[in-house]
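Reviewing the structure listed below.
The values are calculated or read from the model by the stated rules, or taken from the named source; none is laboratory data. This structure is a prediction, so every number in the text was calculated from the model and none was measured. As a convention, Cβ positions derive from the backbone with ideal geometry for all residues, glycine included, and neighbour counts pool all protein chains shown.
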There are 2 protein chains.
Amino acid sequence: MTKIRFLPFEVTVEAREGETVLHAAMRAGVHINASCGGAGVCNKCRVFVEEGQVIGESLPEGGYKACTLIPETDLVIRVPVESHLDRRALLRAPKRLASSWIEAAERARAVDIEPAVRKFFLELPPPDLSDNIPDLRRLKRGLKEILGQEPEAEWSLLKRLPYVLREKDFKVTASLYDHPERRIPVILNIEAGDTAQNHLAVAVDIGTTTLCAELIDLNSGQILAETSDYNPQISYGEDVISRIEFARREKGLEILSQKVRERISGLIEELCHKAGVETSKISLVSLAGNSVMTHLFLGLEPRFLREDPYVPVAAFYPPVPAAELGLPGASGAVVEFAPCVASYVGGDIVAGVVAAGFFEEDPLTLFIDIGTNGEIVVGNKDFLACAACSAGPAFEGGGIKYGMRATVGAIEAVHIDYETFEPMILTIGGKKPKGICGSGIIALMANLFLSGLVDRSGKYRRDLDHPRLREGRDGWEYVLVWGEDSASGEDIVFTEADIDNLMRAKGAMFAGYQTLLESVGLSVEMVERVILAGNFGSYLDLEQAITIGLLPDLPRDRFYFIGNSSLRGARLSALSIKAREKMVAVARMMTHFELSAHPGYMDYYMSALFLPHTNLDLFPSVKERLEGGK
Amino acid sequence: MTKIRFLPFEVTVEAREGETVLHAAMRAGVHINASCGGAGVCNKCRVFVEEGQVIGESLPEGGYKACTLIPETDLVIRVPVESHLDRRALLRAPKRLASSWIEAAERARAVDIEPAVRKFFLELPPPDLSDNIPDLRRLKRGLKEILGQEPEAEWSLLKRLPYVLREKDFKVTASLYDHPERRIPVILNIEAGDTAQNHLAVAVDIGTTTLCAELIDLNSGQILAETSDYNPQISYGEDVISRIEFARREKGLEILSQKVRERISGLIEELCHKAGVETSKISLVSLAGNSVMTHLFLGLEPRFLREDPYVPVAAFYPPVPAAELGLPGASGAVVEFAPCVASYVGGDIVAGVVAAGFFEEDPLTLFIDIGTNGEIVVGNKDFLACAACSAGPAFEGGGIKYGMRATVGAIEAVHIDYETFEPMILTIGGKKPKGICGSGIIALMANLFLSGLVDRSGKYRRDLDHPRLREGRDGWEYVLVWGEDSASGEDIVFTEADIDNLMRAKGAMFAGYQTLLESVGLSVEMVERVILAGNFGSYLDLEQAITIGLLPDLPRDRFYFIGNSSLRGARLSALSIKAREKMVAVARMMTHFELSAHPGYMDYYMSALFLPHTNLDLFPSVKERLEGGK
Ligand code: FES
Ligand SMILES: [Mg+2]
Ligand SMILES: [Mg+2]
């Protein structure tokens, strides 16, 4: 691991594998002007290598482009004056405490692998005239010796049974399924010979935007491969509402259902290809998704989810044969679904809560999944309360003039020099910037606020004469990227209307925490642990999110990033019937609160439409920084 | 009801609706020469009407053709000398005692109709914001109030659920299925409004030759319609062995399976058409068939049924959704199968035993289903033993020179005048004779024997000079129909080789009773009741069957004809889960004996290759008649 020392700040950071000096600087809070997001075309990210070996592009006037520079040894890097001007650029790096608590908790839980599908190798005695019982009886008799009871069989198994039994002289491996609602296990599959070592499952998080999938070894509990892709339903509607609309069209529901199933089938094939295994070894597919995603996947009518009184078709879904859903897998492979709580609190949250495990622990925990449909859970081992927050699409770039989804060319990190008001940006993939994604929007907002360019009500300073601050066609705006550096050639700006939209989104979330906590007689300060779930949470800068009032201003060591907890929960459920039972228990235990029905919600919401909040005492660390900065 | 008095015999018989005088005469044991089987072309069946009104064809020389004569009033009929010559023609009519015991037993059993599928009408409260639980929860909550427990649901139901619930404002009828292996019932179907009155099942006997089906009202227990047809698999093989052979061909199994399912689908459509109901009201299809038929219906590999050590794929078959088998019915309708005991003792026998009910009673009962694969059950409430008899196809006309299946043109009844040796025959459908079916063969054999044309070893009298008795190309034979009266123009004869085949068939059956009874430490004389099951049994003349040694010579009032007991059992199982449970209990309770494995079987068989048997003391009534006749 190489170290980079930045001069003149005397900040040292450990470089990550393959990371550029520019990225390391952003992480360390060292400001370097970088207008093209790391695409290597603006030539503003000049730095000088004072010590050490590097690979990268040098500039004709001397020095190197920081965005191209990869350390080969420990380095000492000098950031020239034109590339920085702010000593206060040194922001604290976000604390991502997942490694300690979450991983430990998961390790603890993962001890007993006891999947719903188990494989048993049987050496059955071949039949003769003195023992010519039917093939099925022979199989059941053999299994009874192991299970203590006779399992159930379905007729599809019977078709293959006589051939498979005789293929390796009545030596077979049987897959037994513990159906959640049945007294006795079901024989899903039999294979000739001993195949007990080939025993796989797939866990999938069906996100509105992204599908994430993992291939799991059910013997070892190991993840053999991971992959993800966009949810192909995006082509028919960006958010759940527009998909519900599309589903009302002729064949609309069928199309949405088929598209997502096909894509998930493709991901499963891909996982197996990566791991060098056959799809026919997959016995179980464990899915978690929000209520709309689960409905659409199963082809269930979604419209009543969004029509008053917001009724799902089902919250607990029966297991479905993979073949009936067109998914690859072993003969008899089964698909299970994380149960939902309500129309807007789905299986992804239930799976996430099980993955986080706080429903079995003492500390009062706030579990947050930020997104267009933000979900909040509060509770501990004694109770669980949940609510859905309609934050709007701002966190996914929606309703923001140059907002975009987190794809290549999206500005994902922003720093603004507090003296020059010049930005430093990083784009996904190091391409010329096309727009700003959610985490970039929050970083930009926090920087605009802390640099004083925007006041607490979300308005730009009218008194400042700066080329980047101007009155445009849509009102006042800050130019984040000049046209010459952007992908399209247009200036990328952030308008006061964008700020309004973002404040409404973060205000809805914060009012949600307050309302939900009040509903159970608690308040924000009492929260002992905050768990940030979801893809968005993973890219969130904790300080920035607190700065703008999206997250409560609690001691930083109470925050944990759990990543894709929905996927994690789906995996746990595949690995253990206890986890599957916990999902049911959590879904049953969770009390759902309809925030809009709470009389106090509107007041909380209005008060949250400030930076960070009307009541600055709710944000003591932000208050302190603002006062210190003055 | 009109009466017919036959002169000069002074025999009076009640004519049945639409029955000809010729048929009534055969039934009453009155011999009338009838060479064309009732086709109206031989003109030998002349009779004179002495009193009463008739419709029919008169003959130019006076009198009427008996085969065309239908009584309009009570009649006195004189049979002229040339049309009869034998006073001993007066045979006792067979006692068909089914009406008393079997019907009474069935009435007793049918008291509680408790089908595996039950329908419940529910008036659910429509959802509002204070009660917006998922649709499925609402349905289950409503059902729990009735059932005391929450039923299981499958995902196929979920697709329709939201629409059906809202169609009649949350008033729905749910169909609940008691799965034989599960703890909690399954919701098969829901329908809008109150449809509990439309609740149907179909019972089917899948015979190797014939399919018989009934439409049953599950509320009243009534049979709404009946129908039957040939098993279309006949085109691919007459008997089970040739079908198993055909199944080994490319796609052979698939073809056999599909053909029989399609035909049964057609029969179900036909039943519903007859009864004026929709197939969508059928919740349950109850099937009974022998092991090969059940395997072929389900598409299960049949070859190991006939290969040593004779192993079925399964004996207890799981219920299968009707839709998966291509059968019509309600959404979610389910198909159940009578369990089998062994490769050659199938669900038809198990269903038959349940229908007969003797496994719950004291008397030692012999249950016989005569056919190519004859099945024998012996037992009472304390034990059940069964065996399969490979009698060969003689009873279905196979291996007999002019043998044929019981279709139009088949000679089904025969009487031979003991003095003139002239035959009286009746054909099915009153058409010119084409050949002889099973019941005709037995009647012919009994008559040839009793008339002295054939001796106890099955040889024709060599010393008799009679035009009908001759040495033909295939050895000695009796001409039953002259070519001028037959459909083909050829003589229809019965050869000594035919007699040999028939003796082997009846010998196998009789040796079967003896061996099976001996296997459980009993003997034929101890049998307190004989139940004749199956289609063939229904057309059998008891006296004739005893005469040739096919049935044991026990007091006639111990014999009962139960008809298609397989169909009857399938119907009982559809009507009552208790009957379904009894089928399982009977199949478990039955001990199967492999006759060929019994050391005494061969001796018994060899001794039975006489008329009626080597040991005449086993047939006291036949012995008495033979001695009386001499
Ligand atoms: S050239 Fe390096 S950031 Fe633009
Ligand atoms: Mg999600
Ligand atoms: Mg039969």
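Here are a few things to note about the model shown:
- Some residue of the stretch A:521-535 being surrounded by fewer than 24 Cβ atoms within 10 Å (Cβ to Cβ), within 16 Å of ligand 2 (Cβ to nearest atom) and at pLDDT below 95: yes
- Screening B:Gly346 with (1) of a type in the set (Gly, Ala, Ser); (2) over 20 Å from the mean Cα position of the chain (by Cα); (3) crowded, with 24+ Cβ neighbours inside 10 Å; (4) within 14 Å of chain A (Cβ to nearest Cβ) gives one miss only, at (2).
- Filter result (in a loop (DSSP other than H, G, I, E, B) and either under 34 Å from the mean Cα position of the chain (by Cα) or within 16 Å of ligand 1 (Cβ to nearest atom) (or both)) within the stretch B:186-198: B:Ala196, B:Gln197, B:Asn198
- Here B:Ala201 meets the list (1) closer than 28 Å to B:Trp155 by Cβ; (2) in a helix (DSSP H, G or I); (3) over 18 Å from the mean Cα position of the chain (by Cα) almost entirely, failing just condition (2).
- Of the criteria (1) in contact with a strand residue (DSSP E or B) (Cβ under 7 Å, 6 or more places away or on another chain); (2) in a loop (DSSP other than H, G, I, E, B); (3) without any contact (Cβ under 8 Å) to a residue 12 or more places away in the chain, which one A:Asp465 fails: (1)
- Failed item in (1) within 24 Å of A:Glu250 (Cα to Cα); (2) more than 7 Å from every other protein chain (Cβ to nearest Cβ); (3) not small (Gly, Ala, Ser), with A:Glu301 passing the rest: (2)
- Scope the stretch A:209-225; condition crowded, with 16+ Cβ neighbours inside 10 Å, more than 16 Å from ligand 2 (Cβ to nearest atom) and touching a residue at least 24 places away in the same chain (Cβ under 8 Å); matching residues: A:Leu215, A:Ile216, A:Leu218, A:Gly221, A:Leu224, A:Ala225
- Among the residues making up the stretch A:141-165, those that are without any contact (Cβ under 8 Å) to a residue 40 or more places away in the chain and more than 8 Å from chain B (Cβ to nearest Cβ) are A:Arg141, A:Gly142, A:Lys144, A:Glu145, A:Ile146, A:Leu147, A:Gly148, A:Gln149, A:Glu150, A:Pro151, A:Val164.
- Residue match in the stretch B:449-462 (condition: on the phi > 0 side of the Ramachandran plot and part of a strand (DSSP E or B)): no
- Test: residue in the stretch A:235-248 that is in a loop (DSSP other than H, G, I, E, B), more than 16 Å from ligand 2 (Cβ to nearest atom) and either at negative phi or not hydroxyl-bearing (Ser, Thr, Tyr) (or both): yes
- Residues being within 14 Å of chain A (Cβ to nearest Cβ) and modelled with pLDDT of 95 or more - total across the stretch B:592-613: 0
- Candidates in the stretch A:115-133 are the residues that are part of a loop (DSSP other than H, G, I, E, B) and within 25 Å of A:Leu200 (Cβ to Cβ); of these, the one that is farthest from the other protein chains (Cβ to nearest Cβ) is A:Pro115.
- Breaking point among (1) in contact with a Phe, Trp or Tyr (Cβ under 9 Å, 6 or more places away or on another chain); (2) crowded, with 19+ Cβ neighbours inside 10 Å; (3) among the β-branched types (Val, Ile, Thr), for A:Thr12: (2)
- Here the condition is being within 13 Å of chain B (Cβ to nearest Cβ) and either farther than 18 Å from B:Pro162 by Cβ or crowded, with 24+ Cβ neighbours inside 10 Å (or both); of A:Glu336, A:Glu307, it holds for A:Glu336 alone.
Yes/no matrix, rows are residues, columns are (1) of a type in the set (Lys, Arg); (2) surrounded by 22 or more Cβ atoms within 10 Å (Cβ to Cβ):
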site: B:Glu269; (1), (2): no, no
site: B:Lys274; (1), (2): yes, no
site: B:Thr279; (1), (2): no, no
site: B:Ile282; (1), (2): no, yes
site: B:Ser286; (1), (2): no, yes
site: B:Met293; (1), (2): no, yes
site: B:Leu296; (1), (2): no, yes
site: B:Val313; (1), (2): no, yes
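- Residue list for the stretch B:210-247, filter: of a type in the set (Asp, Glu) and out of contact with any Ser or Thr (no Cβ under 6 Å at 6 or more places or on another chain): B:Glu214, B:Asp217, B:Glu226, B:Asp229, B:Glu238, B:Glu245
- Residues in the stretch A:177-208 that are more than 14 Å from chain B (Cβ to nearest Cβ) and buried (at least 22 other Cβ atoms within 10 Å of the Cβ): A:Asn189, A:Glu191, A:His199, A:Leu200, A:Ala201, A:Val202, A:Ala203, A:Val204, A:Asp205, A:Ile206, A:Gly207, A:Thr208.
- The stretch A:396-408, residues that are surrounded by 21 or more Cβ atoms within 10 Å (Cβ to Cβ) and either modelled with pLDDT of 90 or more or touching a His at 6+ places or on another chain (Cβ under 6 Å) (or both): A:Ile400, A:Tyr402, A:Gly403, A:Met404
- Only a single item in (1) touching an Asp or Glu at 6+ places or on another chain (Cβ under 9 Å); (2) at pLDDT 95 or above is not met by B:Asp217, and it is number (1).
- Positions within the stretch A:43-69 being outside any loop (DSSP other than H, G, I, E, B), in contact (Cβ under 8 Å) with a residue 12 or more places away in the chain and within 13 Å of ligand 1 (Cβ to nearest atom), in sequence order: A:Arg46, A:Val47, A:Tyr64, A:Lys65, A:Ala66, A:Cys67, A:Thr68
- Scan of the stretch A:571-630 for residues that are among the basic types (Lys, Arg) and either surrounded by 20 or more Cβ atoms within 10 Å (Cβ to Cβ) or under 24 Å from the mean Cα position of the chain (by Cα) (or both), ordered by number: A:Arg571, A:Lys578, A:Arg580, A:Lys582, A:Arg588
- Just one of the numbered conditions (1) buried (at least 24 other Cβ atoms within 10 Å of the Cβ); (2) among the hydrophobic types (A, V, I, L, M, F, W, C); (3) away from ligand 2 (no atom under 16 Å from the Cβ); (4) in a loop (DSSP other than H, G, I, E, B) is not true of A:Ala446: (4).
- Among the residues of the stretch B:233-256, just one is crowded, with 18+ Cβ neighbours inside 10 Å and within 25 Å of B:His273 (Cβ to Cβ), namely B:Gln233.
- Every condition in (1) in contact with a helix residue (DSSP H, G or I) (Cβ under 7 Å, 6 or more places away or on another chain); (2) surrounded by 18 or more Cβ atoms within 10 Å (Cβ to Cβ); (3) over 28 Å from A:Tyr601 (Cα atoms); (4) in contact (Cβ under 8 Å) with a residue 24 or more places away in the chain holds for A:Asp474 except the one numbered (2).
- Options A:Ser58, A:Ser83, A:Ser100: the member that is away from ligand 2 (no atom under 16 Å from the Cβ), over 32 Å from the mean Cα position of the chain (by Cα) and at pLDDT below 85: A:Ser83
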